[in-house]
Amino acid sequence: MPVDIDCLSEEELVDLNNRVVERLRFIRQARAHHTMLQFRVGELVYFEPDGRGRVQGVIVRYNKKTVTVLTPDGQQWRVSPGYLRKI
């Protein structure tokens, strides 16, 4: 459904922009949630942060946008699910 933005007022453009931004946030959050659900609490995973070697650990909880991974040495990492790989 094409929208002719040339005929919209500034107020209407601001409203349209707000609605578009909100929709994009929703889509990104849904995608992250879907990716997150591919992993289970208690599952062994690894990820590779920049400047470090592979970090391995166990998923201990889901957060709003990330999961918390507990490493064998007791460190907790909040990691985006898109960076995780199953072991």
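Only the coordinates and a few stated rules stand behind these numbers; no lab work does. Just so it is clear, the model here is predicted, and its values are computed rather than measured. Every residue, glycine as well, gets a Cβ built from its backbone with ideal geometry; the counts of neighbours run over all protein chains shown.
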Out of Q56, Q29, which single residue is of a type in the set (S, T, N, Q) and out of contact with any strand residue (DSSP E or B) (no Cβ under 8 Å at 6 or more places or on another chain)?
-> Q29
Provide a single number: the residues in the range 4-54 that are hydrophobic (A, V, I, L, M, F, W, C), surrounded by 11 or more Cβ atoms within 10 Å (Cβ to Cβ) and under 17 Å from V69 (Cα atoms).
-> 7
Considering residues that are touching a strand residue (DSSP E or B) at 6+ places or on another chain (Cβ under 7 Å) and touching a residue at least 24 places away in the same chain (Cβ under 8 Å), the number found within the range 33-47 is 7
Within the range 67-79, the count of residues that are surrounded by 13 or more Cβ atoms within 10 Å (Cβ to Cβ) and out of contact with any Phe, Trp or Tyr (no Cβ under 9 Å at 6 or more places or on another chain) comes to 0
Residues that are among the charged types (D, E, K, R) and in a loop (DSSP other than H, G, I, E, B), drawn from the range 62-87 = K64, K65, D73
